[in-house]
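Trainee: Sending over a structure as structure tokens; questions will come in a sec.
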Amino acid sequence: MKNDKKAKSWFVIIIGDNERRGPFEVTRRALVLSSVCLLALLAVITAGGSWLYSRPYVISHNELVEELATARQSVEMISREKESFSEEIERLKTKIEASRAKRENPAVAEAKKEAKPFVSLEEMQIAYSEDNKTFKIRFIIRNQSAGDEYISGYVFILLNPAPGSSALRKCYPAVELVSGFPRSYKRGENFSIARFKYIEGVFPSISDRTKYASVSILVYADDGTLKLKEEVSL
């Protein structure tokens, strides 16, 4: 048919070898609607194909994230168990050393009793601040070994509640206590000295100082042996 830009419909006649079909009327609106439907169908096919193509990778990524989270939890659990085993080994070593000491020659034991202490505590200062509600304990830990030989170990400061008080025993540095002693001696404040070192412990949030009666100083050697325990009244 003759091309007419103002025409709103066309007639289409299909002529075959043996027959003729038509005429069929095709409107402009039908052509536009068909084109829109075709484009929408192509968009849906493209989006669906893209989703089907990427779906295995999305599933694989999610599985890897879950496996990584599980692996991290396993590593954390193993680390905690390792630390617990190490502490148990140290406690067993201490018990073995104590058992050996009981069985050793009395003369050797007596010589050890006469030996100089590992360290001494000097210039003890205990102060309580009403404004800051804070206890501050400061002292010198002095090497008592012969000569200038270096010694090392760990120090804890315990703030002990008064008899009948509802307050809990506090520890510096902060560590879990078992029967009044640190669960892990290696979490104390470390020292390595030839002569002396200043140690200072701070206990904040003490609203009522009368709930506490004394301070205990615990000094451990590198092998976990408790070398000194000294208690000072507040």
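Trainee: Among the residues of segment 116-146 satisfying the criterion of being outside any strand (DSSP E or B), touching a Lys or Arg at 6+ places or on another chain (Cβ under 9 Å) and touching a residue at least 24 places away in the same chain (Cβ under 8 Å), which is surrounded by the fewest Cβ atoms within 10 Å (Cβ to Cβ)?
Mentor: Taking the candidates together, the pick is 146.
Trainee: Is there a residue being acidic (Asp, Glu) and either surrounded by 16 or more Cβ atoms within 10 Å (Cβ to Cβ) or under 30 Å from residue 95 (Cβ atoms) (or both) anywhere in segment 204-215? Spell out how you get there, then give the answer.
Mentor: Our first condition is that a residue be acidic (Asp, Glu); within segment 204-215, this holds for 208.
Narrowing further to those that are either surrounded by 16 or more Cβ atoms within 10 Å (Cβ to Cβ) or under 30 Å from residue 95 (Cβ atoms) (or both): none.
Within segment 204-215, none of the residues are acidic (Asp, Glu) and either surrounded by 16 or more Cβ atoms within 10 Å (Cβ to Cβ) or under 30 Å from residue 95 (Cβ atoms) (or both).
Trainee: For residues that are over 20 Å from residue 223 (Cα atoms) and in a loop (DSSP other than H, G, I, E, B), tally how many sit in segment 164-178.
Mentor: 7
Trainee: Is there a residue in segment 96-114 that is assigned to a helix (DSSP H, G or I) and modelled with pLDDT of 80 or more?
Mentor: So far as segment 96-114 goes, yes, one or more of its residues are assigned to a helix (DSSP H, G or I) and modelled with pLDDT of 80 or more.
Trainee: Could you please find all residues in segment 153-176 being under 23 Å from the mean Cα position of the chain (by Cα) and either more than 28 Å from residue 86 (Cα to Cα) or without any contact (Cβ under 8 Å) to a residue 12 or more places away in the chain (or both)?
Mentor: Result: 174, 176.
Trainee: With 156, 196, 203 as the choices, which residue is farther than 27 Å from residue 133 by Cα and modelled with pLDDT of 90 or more?
Mentor: 196
Trainee: Taking segment 205-222, which residues are in contact with a Lys or Arg (Cβ under 7 Å, 6 or more places away or on another chain) and part of a loop (DSSP other than H, G, I, E, B)?
Mentor: Listed by number, the residues that qualify are 205, 206, 207.
Trainee: Tell me which residues, restricted to segment 201-218, are within 14 Å of residue 157 (Cα to Cα) and not aliphatic (A, V, I, L, M).
Mentor: 201, 203, 204, 212, 214, 216
Trainee: Right, here's the next one. Every residue in segment 181-195 that is among the polar types (S, T, N, Q) and either assigned to a strand (DSSP E or B) or over 20 Å from the mean Cα position of the chain (by Cα) (or both), please. Spell out the reasoning first.
Mentor: Taking segment 181-195 and keeping what is among the polar types (S, T, N, Q), we get 184, 190, 192.
Listed by number, the residues that qualify are 190, 192.
The values are calculated or read from the model by the stated rules, or taken from the named source; none is laboratory data. These numbers come from a predicted model, not from an experiment. All Cβ positions, even for glycine, are placed from backbone atoms using ideal geometry, and neighbour counts span all protein chains on display.
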